[in-house]
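> What follows is a single structure, and I will ask about it in a moment.
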Amino acid sequence: MDAARSIHRQASRQHGLVSRQQALALGVSDDAIGWRIRTGEWERVHRGVFRIVGAPATWQQQLMAACLAIPGATASHRGAAALWGLPGIPPCTEVTATGPHRVRLDDVVIHRSCALAFRDRVWRSQIPVTSLPRTVLDLATVLRPEMLESTVDHLLARRRVSLTELRSHLEQAGRRGRRGAGVLRRVLEERRGRQRHVDSGLQRRVETLARKAAKEGLLPEPIFEYPVLLANGRWRYPDVAYPRYRVGIEAQSYEHHSSLQAFSRDLDRTLELMAEDWVLIPVTDVQVRTDAARFVGIVARVLAWRGPAFARV
């Protein structure tokens, strides 16, 4: 196979890119590389990294170019999040370098790490990328807490990663005073022991409101996704529950309940729980965001009606 064909085959596996080291190894001389650049056949992306003209310019290509420009670099943080398809995190050309090379690249965020465990360097879209647990650990250093919670809930709800995996990575890396470790530890601790995980912004806000009300002594300690066994053998899981009083809170999101079918299913679940002597209190995003104190007061009055031991609000 001639050098030109080998180069194009290599570039096809790397989003239209080839490095100088790879070209030399495939039999292309420095003079031939220079000629290809001068004639416009190749375009320089970074020092020692070239794009074969005609290959589509994509964000993945930019990320791959950064990995080729820094020996041993791995897509990480928001770059890895985009490769893994995590919602709500804009693509960013962001990598982690573990070697002694101190390279600076235009429009590339470069992090330094002493080492990257073998299990934490995988491949996706033919680009070296940090594993999902390691990506979450890295995201804790660059995301706002609420965005980090959303990301963790998304992964747990879809069973793409487990709490055990996340806690294992945190225990190993968090001991060294890693930035963001405290926030991630709190997020994981709040989700310990749950059988079901949610991927809903409204439900997260309802849970935050219930925790805050309990901390302030306005409501009892809540239990999230509490399992209720119905007489017919099925299970139902109120979003927020106070089992002692058989009172639950259900987040009513227009996004997830805008169809007649979805509305009917939710109403049917509510009726099933009412038949088991449960009271379900609906709440919308508007109430959580603009009238939270009033809503907490309503919940407290329902609890007082169900059990006088908590008649405090």
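The values are calculated or read from the model by the stated rules, or taken from the named source; none is laboratory data. In this text, all values refer to a predicted model and were calculated from it rather than measured experimentally. Every residue, glycine as well, gets a Cβ built from its backbone with ideal geometry; the counts of neighbours run over all protein chains shown.
> Give the range 74-111 a look and list any residue that's among the basic types (Lys, Arg) and modelled with pLDDT under 90, or say none. Reasoning before the result, please.
Within the range 74-111, the subset among the basic types (Lys, Arg) is 78, 102, 104.
Result: 102, 104.
> Of 219, 184, 202, which residue is at pLDDT 90 or above and either farther than 23 Å from residue 162 by Cβ or in a strand (DSSP E or B) (or both)? Break it down stepwise before answering.
On the way: 184 fails: either farther than 23 Å from residue 162 by Cβ or in a strand (DSSP E or B) (or both); 202 fails: at pLDDT 90 or above.
Answer to the selection: 219.
> If you go through the range 150-172, how many residues are in a helix (DSSP H, G or I) and either small (Gly, Ala, Ser) or within 8 Å of the chain's Cα centre (by Cα) (or both)? Steps first, answer last, please.
Of the range 150-172, the ones in a helix (DSSP H, G or I) are 150-157, 163-172.
Okay, now just the ones that are also either small (Gly, Ala, Ser) or within 8 Å of the chain's Cα centre (by Cα) (or both), so 150-155, 157, 168.
Residues in the range 150-172 being in a helix (DSSP H, G or I) and either small (Gly, Ala, Ser) or within 8 Å of the chain's Cα centre (by Cα) (or both): 8 in total.
> While we're here: Within the range 247-262, take every residue that is within 27 Å of the chain's Cα centre (by Cα) and either assigned to a strand (DSSP E or B) or closer than 16 Å to residue 279 by Cβ (or both) and give me the one that is modelled with the lowest pLDDT. Spell out the reasoning first.
Step one: of the range 247-262, the residues within 27 Å of the chain's Cα centre (by Cα) are 249-258, 262.
The next check asks that each one be either assigned to a strand (DSSP E or B) or closer than 16 Å to residue 279 by Cβ (or both); those that pass are 249-252.
Working: 249: 90, 250: 87, 251: 84, 252: 81.
Across the range 247-262, the extreme among qualifying residues is 252.
> Now, a different point. Return yes when residue 82 is surrounded by fewer than 23 Cβ atoms within 10 Å (Cβ to Cβ) and over 23 Å from residue 113 (Cα atoms) and no when it is not. Talk me through it step by step, then tell me what you get.
Details: surrounded by fewer than 23 Cβ atoms within 10 Å (Cβ to Cβ): yes; over 23 Å from residue 113 (Cα atoms): no.
No; evaluated as a whole, the condition is false for this residue.
> Now a separate question. Is there a residue being buried (at least 21 other Cβ atoms within 10 Å of the Cβ), in a loop (DSSP other than H, G, I, E, B) and under 35 Å from the mean Cα position of the chain (by Cα) anywhere in the range 1-14?
Scanning the range 1-14, I find at least one residue that is buried (at least 21 other Cβ atoms within 10 Å of the Cβ), in a loop (DSSP other than H, G, I, E, B) and under 35 Å from the mean Cα position of the chain (by Cα), so the answer is yes.
> A further question on this structure: Name the single residue that is farthest from the chain's Cα centre (by Cα) among those in the range 53-66 being of a type outside the set (Gly, Ala, Ser) and buried (at least 24 other Cβ atoms within 10 Å of the Cβ). So that I can check it myself, show each step before the final result.
Going through the range 53-66, the residues of a type outside the set (Gly, Ala, Ser) turn out to be 53, 56, 58-64.
Add one more test, that the residue is buried (at least 24 other Cβ atoms within 10 Å of the Cβ), and what stays is 63-64.
On the way: 63: 19, 64: 21 Å.
That would be 64.
> Additional query: Scan the range 91-99 and give yes if some residue there is closer than 30 Å to residue 194 by Cβ and either more than 13 Å from the chain's Cα centre (by Cα) or not aliphatic (A, V, I, L, M) (or both), otherwise no. Outline the logic, then answer.
Let us first name the residues in the range 91-99 that are closer than 30 Å to residue 194 by Cβ, namely none.
No, the conditions are met nowhere in the range 91-99.
> Residue 16: in contact (Cβ under 8 Å) with a residue 40 or more places away in the chain and either in contact with a His (Cβ under 8 Å, 6 or more places away or on another chain) or more than 30 Å from residue 147 (Cβ to Cβ) (or both), yes or no? Step through it out loud before you land on a result.
On the way: in contact (Cβ under 8 Å) with a residue 40 or more places away in the chain: yes; either in contact with a His (Cβ under 8 Å, 6 or more places away or on another chain) or more than 30 Å from residue 147 (Cβ to Cβ) (or both): yes.
Judged against the criteria, residue 16 is a match.
> Let me ask another. Scan 27, 88 and give me the residue that is part of a loop (DSSP other than H, G, I, E, B) and either within 22 Å of the chain's Cα centre (by Cα) or closer than 25 Å to residue 139 by Cα (or both).
Details: 27 fails: either within 22 Å of the chain's Cα centre (by Cα) or closer than 25 Å to residue 139 by Cα (or both).
Going through 27, 88 in turn, just one is part of a loop (DSSP other than H, G, I, E, B) and either within 22 Å of the chain's Cα centre (by Cα) or closer than 25 Å to residue 139 by Cα (or both): 88.
> Going by the structure shown, is residue 107 loosely packed, with under 12 Cβ neighbours inside 10 Å and in contact (Cβ under 8 Å) with a residue 24 or more places away in the chain?
Numbers: loosely packed, with under 12 Cβ neighbours inside 10 Å: yes; in contact (Cβ under 8 Å) with a residue 24 or more places away in the chain: yes.
Here the answer is yes, as residue 107 does meet what is asked.
A quick yes/no check of all residues on (1) at negative phi; (2) of a type in the set (A, V, I, L, M); (3) not assigned by TED's automatic domain parsing to the domain that holds residue 151:
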site: 15; (1), (2), (3): no, no, yes
site: 35; (1), (2), (3): yes, no, yes
site: 38; (1), (2), (3): yes, no, yes
site: 41; (1), (2), (3): yes, no, yes
site: 63; (1), (2), (3): yes, yes, no
site: 75; (1), (2), (3): yes, yes, no
site: 84; (1), (2), (3): yes, no, no
site: 108; (1), (2), (3): yes, yes, no
site: 111; (1), (2), (3): yes, no, no
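> Just a yes or no: is a residue in the range 85-99 touching a Cys at 6+ places or on another chain (Cβ under 8 Å), of a type outside the set (Asp, Glu), surrounded by fewer than 20 Cβ atoms within 10 Å (Cβ to Cβ) and within 30 Å of residue 154 (Cβ to Cβ)?
Scanning the range 85-99 turns up at least one residue that is touching a Cys at 6+ places or on another chain (Cβ under 8 Å), of a type outside the set (Asp, Glu), surrounded by fewer than 20 Cβ atoms within 10 Å (Cβ to Cβ) and within 30 Å of residue 154 (Cβ to Cβ).
> From the residues in the range 30-46 that are charged (D, E, K, R) and not in a helix (DSSP H, G or I), which one is nearest to residue 105 (Cα to Cα)? First the steps, then the outcome.
Taking the range 30-46 first, the residues charged (D, E, K, R) are 30-31, 36, 38, 41, 43-44.
Among the residues that remain, those that are also not in a helix (DSSP H, G or I) are: 41, 43-44.
Values: 41: 23, 43: 16, 44: 13 Å.
Looking at residues that are charged (D, E, K, R) and not in a helix (DSSP H, G or I), I get 44.
> Take the residues in the range 117-152 that are among the hydroxyl-bearing types (Ser, Thr, Tyr) and either closer than 24 Å to residue 15 by Cα or modelled with pLDDT of 95 or more (or both); name whichever of them is surrounded by the most Cβ atoms within 10 Å (Cβ to Cβ). Outline the logic, then answer.
Filtering the range 117-152 for residues among the hydroxyl-bearing types (Ser, Thr, Tyr) gives 125, 130-131, 135, 141, 150-151.
Now drop any that are not either closer than 24 Å to residue 15 by Cα or modelled with pLDDT of 95 or more (or both), which leaves 125, 130-131, 135.
Working: 125: 13, 130: 29, 131: 21, 135: 27.
Once the filter is applied, the top-ranked residue is 130.
> Which of (1) assigned to a loop (DSSP other than H, G, I, E, B); (2) closer than 27 Å to residue 147 by Cα; (3) not polar (S, T, N, Q) is the odd one out, the single condition residue 105 does not satisfy?
(2)
> Which one of 312, 269, 265, 244 is at pLDDT below 85, outside any helix (DSSP H, G or I) and of a type in the set (Lys, Arg)? Outline the logic, then answer.
On the way: 269 fails: outside any helix (DSSP H, G or I); 265 fails: outside any helix (DSSP H, G or I); 244 fails: at pLDDT below 85.
None of the others qualify; the one that does is 312.
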